[in-house]
Amino acid sequence: MTQETFNVLIAAWVALALLLAPIQLVIVPAYGRHRRANWGPEIGNRLGWVIMELVSPIAFLAPLAAGMVAGAYAAPVYVFALMWVAHYANRSLVYPLAMRTSVKTIPVAIVASAILFNAVNGWSNGYYLASPWADYGAEWFSDPRFFAGLALFLIGAAINIDADRRLMRLRRGTGHKDYVVPRGGLFRYVSCPNHLGEIIEWSGFALACWNLPAAAFAVWTAANLGPRAWAHHRWYQRKFPDYPPNRKGLIPFVL
Ligand code: NDP
């Protein structure tokens, strides 16, 4: 594939994200607290998360592994691969095993759409990094975009993991299905610090890589999680009359 064709495909992929973002404000994807019975057949929640999230590191690593036959990559590419795989080792294995979700299910339609999302984003990022267009010399390590992006990625990951862990702890001893008002950490300021952290994380990755598919993935993440955080926030306000009135949805003090 030529770089021009690849860029056109990624631009179309980004356009789809921008089209779906406002739609997701109205039609909230039916998993977790927004699960609805009319979304077709379902499978166990934990199994669904493992299947759909494992797709991403496999799709990312496949083109890189195929390209290894031709020779080694520039050193920054290995750092980007480590960032991707570390995130997805948590998301596809540690996170689903830790979730207190034993009585819950997830629609197959959600799992299928997440598989598509993860396959395209994983493959496009791995494909670019394995291609000759990924022109990173060792001097990239001293480029401000690299270390600012890496710092953002690590800060976002820390926020995301901390928030997800706090949520998991809320269900101790409740039979794994009730919801509680989360408190502590960044929950003092927003309803969805896990989503905020994830958006920061992939924005940092895009800055560190400075390429089109990484930017596309950051846009997709914000397009998915912005509307989801807003839906969660309104849900909390409806469900808990004493919900902290100053808490925002996604961005502290702002939104
Ligand atoms: P949620 O915040 O909806 O749920 C996270 C976990 O915590 C679930 O197991 C949920 O249970 C439980 N939980 C949430 N709130 C409460 C509460 N108030 N009381 C008790 N338990 C609670 O996160 P998502 O499911 O939307 O996302 C999970 C992770 O995946 C996040 O880190 C998110 O950033 C990431 N993600 C990334 C995407 C991307 O585009 N890159 C897309 C989607 C998710 P239950 O399932 O029963 O609601």
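Condition check: in contact (Cβ under 8 Å) with a residue 60 or more places away in the chain, in contact with a strand residue (DSSP E or B) (Cβ under 9 Å, 6 or more places away or on another chain) and part of a helix (DSSP H, G or I). Does Ile51 satisfy that?
Values: in contact (Cβ under 8 Å) with a residue 60 or more places away in the chain: yes; in contact with a strand residue (DSSP E or B) (Cβ under 9 Å, 6 or more places away or on another chain): yes; part of a helix (DSSP H, G or I): yes.
For Ile51, the condition - in contact (Cβ under 8 Å) with a residue 60 or more places away in the chain, in contact with a strand residue (DSSP E or B) (Cβ under 9 Å, 6 or more places away or on another chain) and part of a helix (DSSP H, G or I) - is met.
Inside region 51-87, can you point out the residues that are crowded, with 17+ Cβ neighbours inside 10 Å and within 23 Å of Arg169 (Cβ to Cβ)?
Within region 51-87, Glu53, His87 meet the criteria.
Here's a check for you: in region 53-103, which residue that is polar (S, T, N, Q) and within 13 Å of the chain's Cα centre (by Cα) is nearest to Ala215 (Cα to Cα)?
Restricting attention to region 53-103, the residues satisfying the condition of being polar (S, T, N, Q) are 56, 90, 92, 101-102.
Those left that are additionally within 13 Å of the chain's Cα centre (by Cα): 56, 90, 92.
On the way: Ser56: 16, Asn90: 22, Ser92: 22 Å.
This residue is Ser56.
Going through region 206-242 one residue at a time, which ones are within 11 Å of the ligand (Cβ to nearest atom) and loosely packed, with under 14 Cβ neighbours inside 10 Å?
Lys239, Phe240
What's the total number of residues in region 175-205 that are in contact (Cβ under 8 Å) with a residue 60 or more places away in the chain and either outside any helix (DSSP H, G or I) or near the ligand (Cβ under 10 Å from one of its atoms) (or both)? Give the steps one after another, and end with the answer.
Here is the first cut: in region 175-205, the residues in contact (Cβ under 8 Å) with a residue 60 or more places away in the chain are 175-177, 179, 181, 186-187, 189-190, 201, 205.
Then keep just the ones that are either outside any helix (DSSP H, G or I) or near the ligand (Cβ under 10 Å from one of its atoms) (or both); that gives 175-177, 179, 181, 187, 189-190, 201.
Looking only at that region, the number is 9.
Could you tell me whether any residue of region 176-183 is closer than 23 Å to Ala151 by Cβ and either buried (at least 17 other Cβ atoms within 10 Å of the Cβ) or among the acidic types (Asp, Glu) (or both)?
No, region 176-183 contains no residue that is closer than 23 Å to Ala151 by Cβ and either buried (at least 17 other Cβ atoms within 10 Å of the Cβ) or among the acidic types (Asp, Glu) (or both).
Filter region 97-109 down to the residues that are surrounded by 21 or more Cβ atoms within 10 Å (Cβ to Cβ) and near the ligand (Cβ under 10 Å from one of its atoms) and list them by number. Working first, answer last.
Here is the first cut: in region 97-109, the residues surrounded by 21 or more Cβ atoms within 10 Å (Cβ to Cβ) are 106-107.
Within region 97-109, Ile106 is the sole residue that qualifies.
Just checking, how many residues over region 113-172 are within 15 Å of the ligand (Cβ to nearest atom), outside any helix (DSSP H, G or I) and farther than 19 Å from Gly197 by Cβ?
So the answer is 2.
Each value in this text was obtained by applying a stated rule to the coordinates, not by laboratory testing. For clarity, every value in this text was computed on a predicted model and none was experimentally measured. In this analysis, Cβ positions are derived from the backbone assuming ideal geometry, glycine residues included, and neighbour counts consider all displayed protein chains.
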